[in-house]
Amino acid sequence: MGWLTAAEALKVLGVRPQTLYANVSRGRIRAKPDPKEARRGLYHEGDVRKIARSRAGARKAERVAAAAIEWGDPILPSGISTVAQGRLWYRGLDAVELAEEQTLEDVAILLWQCGTVSFAGEPRPAGTSRSMRPLDDSSNSTPVLSKMFTAVADRAGRDPPSHGCAPAVLRGEGARVMAALVGSVVGPGEERPLHERLAAAWRCRRAGDVLRRALVLLADHELNASTFAVRVAVSTGASLASGVLAGLATLSGPLHGRAAAGAVELVRAGRQHGMQAAVRERLTCGRELSGFGHPLYPEGDVRAHALLRAIDIPAEYRELRAAAEELAGERPNIDFALAAMTSCCRLPPDAPLVLFALARTVGWLAHALEQISGGHLIRPRARYVGPAVGAGNESNEATAAIGRPDRVIP
């Protein structure tokens, strides 16, 4: 290793002159006068290249971290679910195969790693009718999502922190949180599988089996936005109910739990102008084709395929699917399937969001239990892109050298 001129050092580092001088003044880069020209400085090549390597490594780490946040590689280790080989797996078992026969309660036992699970909660008061009104009944003015928020927020406001609790205690707490959420949707507890309770509440008992399949397929989907929000919340030691509340808030967005509404809107546009025209209009305007495509399933969303096989797809949804595949080359995702199922089974308009929230809470609680067992706080760093910080101090250290790049700063 030799010595570099200022111009050579700046080229290696890729920084401004004042940054070079600041590193010299802080002792990170050794400097000496040039024997051939006393007014010119020389900088130790080894020091310069060491800092250049550390800067490059930091930039690479930033790029990797930034990419991981947006559909990138997993950023947290988890043994709950994954998408691999074009399939969705729950603890190593194919979710589509589980949906053939299992219930959401069965999946909860698998994901929570426990013996039995009940979402019944408190027993139904004596004399209460078993027949529940549909959730879109006009006499019931409170939106179902508001009821779910209220039920979970009530527990979040009074439940103790999760930090330091034994796994068995947390599983019991998780079952009670789930029961409160279910109760806010279908009423007081019953010892029946959730899909049967939903079918009764929506007065569509023949849809029980397809509801069961949908609940199983929606139970978990690795580190999606709402699941990550849950894990962040409980990593602070917050209660399980608080974690689920964070998940519900995240799920409520149109790009997540409400995405099925976009497919319904597309069908409505197709009724007026034709399905091909509706799809073409969105593509021409650069708008998202709601209900189609998924970054994790380049060959098609297996959850959607499994759910669509179980229903008689309405004609307008078949037309929309054909138009999207022909014009955009995109296949249906789970949001399209939920919208088609809602139309086929004549479910309430908010059924996709309700099913999503109830099913995914099972996955959220599994992730919460896993996060708590790890015992660490989730605290990523930000890649700052705002106004320069410390520029004034840096400039002060090198004030005499600004405009004189060859001056050595002691």
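The numbers here are math on the coordinates, done by the rules we state, and not lab data. Just so you know, these numbers come straight off a predicted model, no measurement behind them. Here the Cβ positions follow ideal geometry from the backbone for every residue, glycine too, while neighbour counts run over all protein chains shown.
Points to keep in mind about this one:
- Over the chain, relative contact order from alpha-carbon pairs under 8 Å, at least 6 apart, %: 22 percent
- Globularity index of region 220-325 is 1.31 (Cα radius of gyration / 2.2 N^0.38 Å, N = number of residues).
- Crossing angle, helix 45-69 versus the chain [Cα axis fit, 0-90 degrees, rounded to tens]: 10 degrees
- For Leu42, the residues whose modelled amide H falls within less than 5 Å of its own, excluding neighbours fewer than 5 places apart on the same chain, are Lys32, Asp34.
- Between the listed residues Cys344, Val185, Ile313, the Cα displaced farthest toward the positive end of the dipole of the chain, a dipole computed from Cβ unit charges relative to the Cα centre, is found at Val185.
- Rg/Rh (Cα only; Kirkwood hydrodynamic radius) as it applies to region 90-374: 0.97
- GNM on the chain, alpha-carbon springs under 10 angstrom: the most fluctuating residue among Gly41, Gly79, Gly121 is Gly41.
- Placing unit charges on each Cβ (+1 for Lys and Arg, -1 for Asp and Glu) gives region 90-374 a dipole about its Cα centre, and among Leu194, Gly115, His367 the Cα reaching farthest toward its positive end belongs to Leu194.
- Solution diffusion estimate, µm²/s, Stokes-Einstein, region 131-282, Kirkwood Rh from C-alpha pairs, 37 °C, viscosity 0.692 mPa s: 186 µm²/s
- Magnitude of the charge dipole for the chain, about its Cα centre and with charges confined to Cβ atoms of Lys, Arg (+1) and Asp, Glu (-1), is about 1620 debye.
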